[in-house]
1. Divide the volume of the convex hull of the Cα atoms of the protein assembly as shown by its number of residues and quote the answer in cubic angstrom per residue.
2. Relative contact order, percent, of chain B when contacts are C-alpha pairs under 8 Å separated by at least 6 residues?
3. With +1 assigned to the C-beta of every Lys and Arg and -1 to the C-beta of every Asp and Glu, and no other charges, what is the dipole magnitude of the protein assembly as shown about the Cα centre in debye, to the nearest 20?
4. Pick out, from B:ALA50, A:LEU163, A:CYS203, the residue whose Cα sits farthest towards the positive end of the charge dipole of the protein assembly as shown, with +1 on the Cβ of Lys and Arg and -1 on the Cβ of Asp and Glu.
5. Under 25 Å between alpha carbons: how many lysine pairs meet that in the protein assembly as shown, if sequence neighbours fewer than 8 apart on the same chain are excluded?
6. To check my understanding: the extent here is largest minus smallest coordinate of the Cα atoms along each principal axis. What are those three numbers for segment B:4-78, in Å, largest first?
7. Would you please give the FRET efficiency between B:PHE33 and A:GLU164, computed as 1/(1 + (r/R0)^6) with r the Cβ-Cβ distance and R0 = 45 Å, to the nearest 0.05?
8. How much FRET efficiency would the formula 1/(1 + (r/R0)^6) give for A:GLU6 and A:LEU145, where r is the Cβ-Cβ distance and R0 is 35 Å, rounded to 0.05?
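We did not get these values from a lab; they are worked out from the coordinates using the rules stated. What you see is a predicted model, and the numbers here were worked out from it, not measured in a lab. Here the Cβ is made from the backbone with ideal geometry for all residues, glycine too, and neighbour counts use every protein chain on show.
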Amino acid sequence: MTGTHETEFLERLLAGEQQAFKELVDTYQSAMRAVAYAIVGSRQADEAVQDAWLAVVRSLPGFQRRSSLKTWLLTITANAAKNRYKQNRREVLLDDLPSPHGSIGDDRFAADGHWRVAPFAWHEDTPEALLSEDELRQCLEHTLLSLPQFQSSVLILRERQGLELEEICNLLEISLSNVRVLLHRARLKVFATLEHFEETGQC
Amino acid sequence: MLTCKEMVARSSDYLDGELTLGGRLLARQHLLFCRNCRRFIKQMRLAQAAVRALPEAPVPDADALAKDLAAQRRAQDKR
């Protein structure tokens, strides 16, 4: 959303128009939840998003448009989540969890670094064709749910929300190298899930 | 020359444009000669696109939330 469209939209929000708030919620809630989830985990993510919405309404008249609406909302969400968070998240940052279909690990390579088990050629070559199979879609969703909180949030913010790596670093207060590690681990698990499904025809 | 294992290890950085110029050249050179890694990268892109294309789960009670927020916004002005 840019320029005049955003100005108009902000006016509708300031006027307290319910339909405008509905659009706001529908457009940004999942990105906000991904930010909150990374910072406070699943148990408090919904509460943190609620806090954020209240802060958004309170701060709306003062929104200066020095950043995009999305960046502003996500920054408020990160702050709301940080206010709620108590445990030391640095400890869980790089913890990994097993994924239903594993990853692309060292066992895929021979000692000389060449593929030992080469990547299987998938049958489909568009996302639409891949996702047209209900079972594959569910299988992929299952893998996404199995990701540790930081991997999941970083993947969603990058792939689904299109945020720059730098923006993700700032929101979640983690280093660029950690964002890169988390994103890579998550992507390899998604890859392994799709490969497994394409190869065996089942989840 | 990169090995396939090294290529895979830096594949996300390659896809995100996070490699240095030298790193990018090494990766391109490897991909030029390695069919398996070309397939891997192509399917990594497809996996990214699939994550992006997953349908969004609807926000539960979005209408109620929007109604509540709009009401709060209007109440603010009256204060």
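1. Numbers: hull volume 41.4 nm³, N = 282.
Here the figure is 147 Å³ per residue.
2. Working: 20 pairs, mean separation 21.4, N = 79.
Once divided by the residue count of chain B, the mean separation gives 27 percent.
3. Values: 37 positive and 39 negative charges, 172 e Å.
Magnitude of the dipole: close to 820 debye.
4. It is A:LEU163, whose Cα lies furthest towards the positive end.
5. Within the protein assembly as shown, the lysine pair count is 9.
6. Computed over the Cα atoms, the extents are 68, 25, 15 Å.
7. On the way: r = 32 Å, r/R0 = 0.70.
Computed FRET efficiency for B:PHE33 and A:GLU164 comes out at 0.90.
8. Numbers: r = 33 Å, r/R0 = 0.96.
The formula returns an efficiency of 0.55 here.
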